[in-house]
């Protein structure tokens with residue numbers, strides 16, 4: 001597992017933000033923003049995709065308990081289809097930062113692009129979820145929240161197996177789309193879904 005680089009200091013209130021759910025064919029894209037407390041370090045933070053579900057769930061609780069502030073936001077399926085997934089992801093991250101109960105002095109954003117309308121100076125950090133603790137914490141909150149949301153959808157659409165693939169384009173998911181068609185939670189602008197709609 002990669003070790004974190006030294007925390008960049010921009011003042012006492014540094015927020016990290018990240019999103020979860022760019023790749024799936026269904027569900028909202030979810031983002032989180034986190035301001036960690038230097039006095040209450042969290043052991044085991046890493047890119048959420050490299051952690052087991054059990055570890056993510058445990059860290060999810062610990063982050064909420066120890067962080068100075070956190071917020072979770074999303075962009076809807078309709079916004080994804082209207083704006084495209086990149087811009088919808090940026091929108092979700094800007095909403096998460098804006099929803100923080102404490103205004104950060106600087107924001108670190110995972111990736112190589114910055115959302116518009118952030119309320120303070122920001123820096124894009126490539127592979128930030130593996131390099132900056134605050135971004136890692138945000139990635140975990142976003143991933144766990146989104147996974148929980150899509151598992152709830154599995155109860156509404158049991159034939160699709162959302163609880164297993166979380167909306168990603170697995171063979172099982174693609175076959176379910178072929179057999180059962182498109183649900184209201186599918187992203188209609190995404191290729192495999194669009195292909196089903198267009199016949």
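The values are calculated or read from the model by the stated rules, or taken from the named source; none is laboratory data. These figures come from a predicted structure and were not determined experimentally. Methodologically, a virtual Cβ is constructed for each residue, glycine included, from the backbone with ideal geometry; neighbour enumeration extends over all protein chains shown.
Considering only residues that are in a helix (DSSP H, G or I) and without any contact (Cβ under 8 Å) to a residue 12 or more places away in the chain, which ones fall in the range 41-57? Steps first, answer last, please.
Taking the range 41-57 and keeping what is in a helix (DSSP H, G or I), we get 48-50, 53-57.
Correct list: 54, 55.
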Restricting attention to the range 77-131, the residues that are surrounded by fewer than 17 Cβ atoms within 10 Å (Cβ to Cβ), in contact with a strand residue (DSSP E or B) (Cβ under 9 Å, 6 or more places away or on another chain) and under 20 Å from residue 149 (Cβ atoms) number exactly 2
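In the set 138, 122, which member is closer than 30 Å to residue 66 by Cβ, in contact (Cβ under 8 Å) with a residue 40 or more places away in the chain and under 19 Å from the mean Cα position of the chain (by Cα)?
Details: 122 fails: in contact (Cβ under 8 Å) with a residue 40 or more places away in the chain.
Result of the check over 138, 122: 138.
Of all residues being assigned to a loop (DSSP other than H, G, I, E, B) and at pLDDT 95 or above in the range 1-36, which is nearest to residue 99 (Cα to Cα)? Just the residue, please.
Here is the first cut: in the range 1-36, the residues assigned to a loop (DSSP other than H, G, I, E, B) are 1-13, 21-25, 27-28, 36.
From what is left, the residues that are at pLDDT 95 or above are 21-25, 27-28, 36.
Details: 21: 19, 22: 21, 23: 24, 24: 25, 25: 27, 27: 21, 28: 18, 36: 15 Å.
So, considering only residues that are assigned to a loop (DSSP other than H, G, I, E, B) and at pLDDT 95 or above, the one nearest to residue 99 (Cα to Cα) is 36.
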Check your understanding: Does residue 134 satisfy being outside any loop (DSSP other than H, G, I, E, B) and surrounded by fewer than 17 Cβ atoms within 10 Å (Cβ to Cβ)?
Key -> no
For the range 143-176 the number of residues that are farther than 14 Å from residue 24 by Cα and either outside any helix (DSSP H, G or I) or touching a residue at least 60 places away in the same chain (Cβ under 8 Å) (or both) is 3
Among residues of the range 28-51 being surrounded by fewer than 24 Cβ atoms within 10 Å (Cβ to Cβ) and under 15 Å from residue 13 (Cβ atoms), the residue nearest to the chain's Cα centre (by Cα) is 37
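Of all residues in the range 63-100, which are part of a strand (DSSP E or B) and out of contact with any helix residue (DSSP H, G or I) (no Cβ under 7 Å at 6 or more places or on another chain)? Let's see the steps before the verdict.
Filtering the range 63-100 down to residues part of a strand (DSSP E or B) leaves 69-75.
Of everything in the range 63-100, just one residue is part of a strand (DSSP E or B) and out of contact with any helix residue (DSSP H, G or I) (no Cβ under 7 Å at 6 or more places or on another chain), namely 69.
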